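Peer 1: What follows is a structure written as structure tokens; I'll ask about it next.
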Amino acid sequence: MSEAQPSEAVDQLREAAVSALNSADSSEKLESWRVDFLGRKGRLTALLRGLGSLEIEERKIVGAAANLLRADLDSLYEEREIQAKSSDLPVGSLDVTLPGRKPALGGLHPSTQMIREITQAFNEMGFQTVEGPEVELEKYNFDMLNIPAGHPARDQWDTIWVDSEKHDDVLLRTHTSPMQARVMESNDPPIRVVVPGKCYRYESTDSTHEWHFNQVEGLAVDEGITFADLKGTLYEFARRIFGQSRKVRFRCDFFPFVEPGVDMSIDWNGRWIEILGAGMVHPRVLENSGYDSNKYTGFAFGMGPERISMLRNEITDIRHFFSNDLRFLTQF
Amino acid sequence: MKVPVSWLSEYVDIDIGLDDLAHRLTMAGNEVGSIDRTGWIENVVVGLVINVRQHPDADRLRLVTVDHGNGEAEVVCGAPNVAEGQKIAYASIGAILQDAYSSEPGKTKKLKRSKIRGVVSDGMVCSVRELGIGDDHEGILVLDDHAEVGTPIGEVLGESVLDIELTPNRPDCLGVLGVARDVAAITGNPLKQPEVDFDALGPDIDTLASVEIEDPDLCLRYTLSVIEGVTIGESPKWLKDRLLAIGERPINNIVDITNFVMFEIGQPLHAFDYDKVADHKIIVRRARSGEKLTTLDSKERKLDPDMLLIADPDHGIGLAGVMGGANSEISESTGTVLLESATFEGVNNRRTARTLELSSQATLRFEKSLRSGLAEVGLRRATKLILEIAGGKAASGIIDVNPSAGQELESVRLESSDIPRVLGVEFDRGVVESTLRALGFDLTGDATGWDVLIPYWRPDISISEDLVEEIARIVGYDNIPTTILSGRPPQWQPQPEMDLRQRVTDLMVQAGMRETINYSATTSEGEARVSLDESVAAQIKLRNPISSDFAVMRRTLREGLLMTVARNSRTWRGPIAIFETGRVFLDYGEGLPEERQMATGAFAGPRNDLHWDLSSDTSDFYDAKGAIEFVLTNLGISPVFEPGVDPTFAVGRTAIVRVPAANDAVIGVVGEISEEVLSQFDAEVDRVALFELDLQSVLEIISGSTPYGGGGKFQEFIRVPASHRDLSLIVKSQSTAGEIVEIARRNRIVASATVFDLFEGKGVPEGKKAVAVRLVYQSPKKTLTAEQIGKIEQQILNQLKKELGAELRA
């Protein structure tokens, strides 16, 4: 301060005083501020004492400025003192910054969350959720779905088989689609179901492939169901899960149990990402389940909840889902 | 399938951009995974060699002056074939070329100015390998004379290759012509069919060869031509380039032609050396048991009678539709070619290839059950090309043994009503007809629809829905409207098992636990760690598990959950409170296994996160018990907990969960894991408390109640005030809270009895403990007086003394 010009010194002191006052958040701090700046041995007094060494003209100017500063600081102090008194806490007040006793935090696995979100979207469109066996017969997993033995289409589903002396036709279901046949076999139309559940593939695992994963299947069969209904239903689903303005694309694809076949993709940051496979139920699948394919039509679809979750939550490795690391699970 | 655009353009004009083409093919079902552009290298142009001199200091090097259109450059070159007047590919400094000397494929190297044996080389004359368009590095690539000096090399050599991810129903697109048909239909441009007619100037084929099919179920058609007097040699450049562009290695002109035709129209062919076929007679038969054949890859194959063999009267000469035999291979000395184009049955062909682990390009096509019409087209196309390229004379006529004649579906009926029935939209007749015709379908229309002939290249078409898809995919799925489902809603059907599992899952979450989903498979040894009860059903074993870690299906959730606890105990310092609701798989030997729903929870580590006021004690039995009580109470079940024994759990720290109101049914267990079991899980915690609920048993108890547990009848609550008094008792150490509460509650005036303090130690005699109990007294009729309460209290004390030896604490 000694090196500053006297008039600048007044400005600097004002700045310091105002800033210190703003951070004086208790009665004690306020009092020490008062002593520091306005007290008999305070910094303002010291400044005024220094005036003696100045030229008379300058002394007048600086003196007036210093007095003005004192008046301002006095009134700021009073204002602040009233504030402080009114907000001072009574003795024995709570430390409100201590953490509360929070109830233990449970949570659903991210796959379950996704499955419920998907099934709920379809439930509200009249599809009921049902479940089926994971250890399944070849008949339901393949044959009835128009995937005969020895057919190259089976390559799309590398299969884990059950080792049994009695049966060689038992496998771990490779998709939730066998429930299409099971539901049709034991129910008359109309049918609208969604089927979540675990599936298994003989597939080596890496960051985007798991041998063990979930799928959600859907099936609607009745008189008069068309491809346009398929598009409308799946559009509605995509809008619910991915947002109202999401761009959705339907393109031709092949699955043996549908005809025509569909791949539905969504626009994800300028790239088309396949979300589900779908199509009109193949007439042979209807016939295999005892339905008259001239009378009834339907559509089916299937998707992977883990894949959708990976996309939406930017999860980079599918293996996180079944490693159950709490550092992963507690993020959802 | 790799489809070079230059090849594709032979059959159809492509007047749209490549990205647009790729998009439209993708939308129509042929997904273009990528467009690979080769030969487009910056800083490489067509150059003219204007002077070649010897390098002053190296015998094998030369100094080459190249005119590159923008001046001249002097380049040091080691290629033996460089000569004045050649058009070559000149790379200037900075060009990024394939590293010809790296063993790592695809490795590139940036060209720098360098001194070679004292002479500065200002660029490079490139080999095929350096340009990344082939393997040859013997010498430099010599370009066509017409190439203009200074032209970027991409314009001369560049190729764009569509990498199409084919679906298994479209073997026609395993030929470039098949993809061209889709392009023609998409763009509306006409298809240019390859030529198949040839002049047959040789003798009648029946005088030269014969064919006999012994197993017509496996060989649906066999066609054959004979070309005499061929000259075996290198293929012309255009043919080699076609094969190189799709990654196939040229071999000799005959073999290259059979490969070319396969990749052109999708029909696999095989050429035999006519003179090596005994009696010039082909016999198509099953292999004999133990018969052997050495295939073209020089491997001896052991055959079985399920494999179809091409044989001459002496022995096998080829594995039908999989790979030819070495004994009848085309060689430099071959003078006459016996050309086979056949249709083999798909399932059998695939089985043979799989058994021998010999997947070939031929099998990739035959396994998709080709139509027999393709065989003849393939034969004629290849015969024509052989005559053009290898010379010779074709025999008159072809041999055509066609046991499947008349057995294939010839046409499909498409009713016009099929289109709105499936798609929900009608199309003009004109649109339907022009779309199908553009794809190559011949059709005849009538008042209600069309008879559509199935083209020989489309084995995937067999029902009207297949044709509906053809129309939809070419018109575009985008052009089909969207509607919402109308019509009757289906009847709701109860799903009690699923509802209960969801309800229990939600309750566990409410109880502060985190859901986990563990693998459904494990190992026998792993599962043995939890010492399952011996009465549990057999394990489901997997024939081809994904790894030895997942060899059997789980019969318990305990092991998976303990592994998850153990894994987390090494990285997670807070409370571990986790559960799983899932299926276990129990094999009773009949039909499919039982998939039983279980719910299992585990607690380990501190009870709470570090906190100024909450206990960080280690979780124990009572955390697990609390959770199970919470779940069951919410389901409307009142359980009792009795000391029990279960091999997973520590003796004396385990309870069986029983429901008195349901015939004492046992529905679960809760306890602390025994040290012996826990020590096998490598957990960094000393104690794990675990509970298990058998949801099937729970379901049997609560059947009839709602998913939210509220099954009981409403009871009017008592409005008379209650009073409470506390008792401080001294009882034997082994007396239980349950006993005290039960005795107290025998009196109907006692509304509740709650143990709220326990103490053993100083001031309490050895072998005894102090128990504080709060009793709440309430009469439904009137407020009780102090005197009345005192009387009841005394009765209770007397009973406690009589049965448990309890004393009031002084």
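The values are calculated or read from the model by the stated rules, or taken from the named source; none is laboratory data. Model, not experiment: these values are computed from the prediction. Quick reminder, even Gly has a Cβ in these numbers, built from the backbone with ideal geometry, and neighbours come from all protein chains shown. Heads up: the accessible areas ignore ligands, DNA and RNA and are worked out on the full protein's heavy atoms, side chains in. Shrake-Rupley method; radii C 1.70, N 1.55, O 1.52, S 1.80 Å.
Peer 1: Please note which strands (runs of 3 or more DSSP E) are completely contained in the stretch B:394-473 and include at least 1 residues that are at pLDDT 95 or above, among the aromatic types (Phe, Trp, Tyr) and not assigned by TED's automatic domain parsing to the domain that holds B:GLY175.
Peer 2: Hits in the stretch B:394-473: B:449-453.
Peer 1: With the structure loaded, tell me whether B:THR505 is facing another protein chain (nearest Cβ under 8 Å), more than 22 Å from B:VAL432 (Cβ to Cβ) and either polar (S, T, N, Q) or open to solvent by 50 Å² or more (accessible area, probe 1.4 Å) (or both) or whether it fails that test.
Peer 2: So B:THR505 fits the description; yes.
Peer 1: So, one more: Would you confirm, using the coordinates I've provided, whether B:SER697 is under 30 Å from B:LEU586 (Cβ atoms), of a type in the set (Gly, Ala, Ser) and surrounded by 12 or more Cβ atoms within 10 Å (Cβ to Cβ)?
Peer 2: yes
Peer 1: Might you let me know whether the stretch B:308-315 holds any residue that is in a loop (DSSP other than H, G, I, E, B), hydrophobic (A, V, I, L, M, F, W, C) and open to solvent by less than 50 Å² (accessible area, probe 1.4 Å)?
Peer 2: no
Peer 1: Quick check on my filter: what residues within the stretch B:747-767 are within 15 Å of B:ALA806 (Cα to Cα), open to solvent by 60 Å² or more (accessible area, probe 1.4 Å) and over 60 Å from the mean Cα position of the chain (by Cα)?
Peer 2: B:PHE759, B:GLU760, B:PRO765, B:GLU766
Peer 1: Checking the condition among the small types (Gly, Ala, Ser), closer than 21 Å to B:PRO721 by Cα and open to solvent by less than 90 Å² (accessible area, probe 1.4 Å), which residue from B:ALA744, B:ALA770, B:ALA806 passes?
Peer 2: B:ALA744
Peer 1: Between a residue in the stretch A:181-209 that is assigned by TED's automatic domain parsing to the domain that holds A:VAL130 and any residue that is hydroxyl-bearing (Ser, Thr, Tyr) and assigned to a strand (DSSP E or B), which pairs come within a Cβ distance under 7 Å, given they are 6 or more apart or on different chains?
Peer 2: Pairs that qualify, where the first residue is assigned by TED's automatic domain parsing to the domain that holds A:VAL130 and the partner is hydroxyl-bearing (Ser, Thr, Tyr) and assigned to a strand (DSSP E or B), are A:VAL194/A:THR129; A:PRO196/A:THR129.
Residues checked against (1) surrounded by fewer than 19 Cβ atoms within 10 Å (Cβ to Cβ); (2) in the same structural domain as B:ASP623 (by TED's automatic domain parsing); (3) basic (Lys, Arg):
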| site | (1), (2), (3) |
| --- | --- |
| B:PRO643 | yes, yes, no |
| B:PHE649 | no, yes, no |
| B:ARG653 | yes, yes, yes |
| B:VAL659 | no, yes, no |
| B:ILE667 | no, yes, no |
| B:LEU678 | no, yes, no |
| B:ASP682 | yes, yes, no |
| B:VAL688 | no, yes, no |
| B:GLU692 | no, yes, no |
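Peer 1: Looking at the structure I just gave you, is B:PHE621 under 39 Å from the mean Cα position of the chain (by Cα), open to solvent by less than 50 Å² (accessible area, probe 1.4 Å) and either in contact (Cβ under 8 Å) with a residue 12 or more places away in the chain or within 14 Å of chain A (Cβ to nearest Cβ) (or both)?
Peer 2: no
Peer 1: Under 7 Å by Cβ, and 6 or more places apart or on different chains, what pairs join a residue from the stretch A:97-120 that is more than 7 Å from chain B (Cβ to nearest Cβ) and surrounded by 17 or more Cβ atoms within 10 Å (Cβ to Cβ) with one that is β-branched (Val, Ile, Thr) and not in a loop (DSSP other than H, G, I, E, B)?
Peer 2: A:MET114/A:ILE308; A:ILE115/A:VAL216; A:ILE118/A:VAL216; A:ILE118/A:ILE241; A:THR119/A:THR129; A:THR119/A:VAL194; A:THR119/A:VAL216
Peer 1: Also: Scan the stretch B:518-544 for residues that are within 13 Å of another protein chain (Cβ to nearest Cβ) and within 17 Å of A:PHE322 (Cα to Cα) and report the count.
Peer 2: The qualifying residues number 5.
Peer 1: Based on what the data block shows, is B:ASP36 without any contact (Cβ under 8 Å) to a residue 40 or more places away in the chain and closer than 30 Å to B:GLY476 by Cβ?
Peer 2: So B:ASP36 does not fit the description; no.
Peer 1: Also: Can you name every residue in the stretch B:476-492 that is open to solvent by less than 90 Å² (accessible area, probe 1.4 Å), in a loop (DSSP other than H, G, I, E, B) and facing chain A (nearest Cβ under 7 Å)?
Peer 2: B:ILE480, B:PRO481, B:THR482, B:THR483, B:LEU485, B:GLY487, B:PRO490
Peer 1: Every residue in the stretch B:324-350 that is of a type outside the set (Val, Ile, Thr) and either buried (at least 24 other Cβ atoms within 10 Å of the Cβ) or outside the structural domain of B:ILE283 (by TED's automatic domain parsing) (or both), please.
Peer 2: Correct list: B:GLY324, B:SER328, B:LEU338, B:LEU339, B:GLU340, B:SER341, B:ALA342, B:PHE344, B:ASN349, B:ARG350.
Peer 1: When you scan the stretch B:351-361, do you find a residue that is in a helix (DSSP H, G or I) and crowded, with 24+ Cβ neighbours inside 10 Å, even just one?
Peer 2: The answer is yes; a qualifying residue exists.
Peer 1: I'm checking my understanding of the structure. Among residues of the stretch B:446-475 that are touching a strand residue (DSSP E or B) at 6+ places or on another chain (Cβ under 8 Å) and of a type in the set (Gly, Ala, Ser), which one is most open to solvent (accessible area, probe 1.4 Å)?
Peer 2: Across the stretch B:446-475, the extreme among qualifying residues is B:SER462.
Peer 1: Of B:GLY266, B:GLY178, which residue is closer than 21 Å to B:GLU388 by Cβ, at pLDDT 95 or above and either within 29 Å of the chain's Cα centre (by Cα) or of a type in the set (Lys, Arg) (or both)?
Peer 2: Among B:GLY266, B:GLY178, only B:GLY266 is closer than 21 Å to B:GLU388 by Cβ, at pLDDT 95 or above and either within 29 Å of the chain's Cα centre (by Cα) or of a type in the set (Lys, Arg) (or both).
Peer 1: Out of everything in the stretch B:17-40 that is open to solvent by less than 30 Å² (accessible area, probe 1.4 Å) and among the β-branched types (Val, Ile, Thr), what residue ends up being nearest to the other protein chains (Cβ to nearest Cβ)?
Peer 2: If we take residues in the stretch B:17-40 being open to solvent by less than 30 Å² (accessible area, probe 1.4 Å) and among the β-branched types (Val, Ile, Thr), then B:THR26 is nearest to the other protein chains (Cβ to nearest Cβ).
Peer 1: What is the one condition in (1) under 30 Å from the mean Cα position of the chain (by Cα); (2) open to solvent by less than 20 Å² (accessible area, probe 1.4 Å); (3) within 8 Å of another protein chain (Cβ to nearest Cβ) that A:GLN128 does not satisfy?
Peer 2: Here A:GLN128 clears every test but (2).
Peer 1: Of the conditions (1) open to solvent by 60 Å² or more (accessible area, probe 1.4 Å); (2) facing another protein chain (nearest Cβ under 9 Å), A:ASP143 clears all except one; give me its number.
Peer 2: All conditions pass for A:ASP143, except number (2).
Peer 1: Assess whether B:GLU515 counts as being at the interface with chain A (Cβ under 8 Å from one of its Cβ atoms), crowded, with 20+ Cβ neighbours inside 10 Å and modelled with pLDDT of 95 or more.
Peer 2: In short, yes.
Peer 1: Which pairs do you get when a residue that is of a type in the set (Gly, Ala, Ser), found in the stretch A:39-62, comes within reach of a residue that is in a helix (DSSP H, G or I), reach meaning Cβ atoms under 7 angstrom, with the pair 6+ apart or on two chains?
Peer 2: Listed by first residue and then by second, the contacts come to A:GLY42/A:VAL35; A:GLY42/A:ASP36.
Peer 1: Further, regarding this structure: Name every residue in the stretch B:28-66 that is touching a strand residue (DSSP E or B) at 6+ places or on another chain (Cβ under 9 Å) and acidic (Asp, Glu), in order of residue number.
Peer 2: Within the stretch B:28-66, B:GLU31, B:ASP36, B:GLU42, B:ASP57 qualify.
Peer 1: Condition test on B:ILE16, is it β-branched (Val, Ile, Thr), in contact with a Cys (Cβ under 9 Å, 6 or more places away or on another chain) and either modelled with pLDDT under 90 or not assigned by TED's automatic domain parsing to the domain that holds B:LEU243 (or both)?
Peer 2: No; evaluated as a whole, the condition is false for this residue.
Peer 1: For B:ILE251, all conditions in the list (1) open to solvent by 50 Å² or more (accessible area, probe 1.4 Å); (2) within 24 Å of B:ASP36 (Cα to Cα) hold save one; what is the number of the exception?
Peer 2: (2)
Peer 1: Right, next: Among the strands (runs of 3 or more DSSP E) contained in the stretch B:49-93, which hold 1 or more residues that are surrounded by fewer than 18 Cβ atoms within 10 Å (Cβ to Cβ)?
Peer 2: Fully inside the stretch B:49-93 and qualifying: B:62-67, B:72-77.
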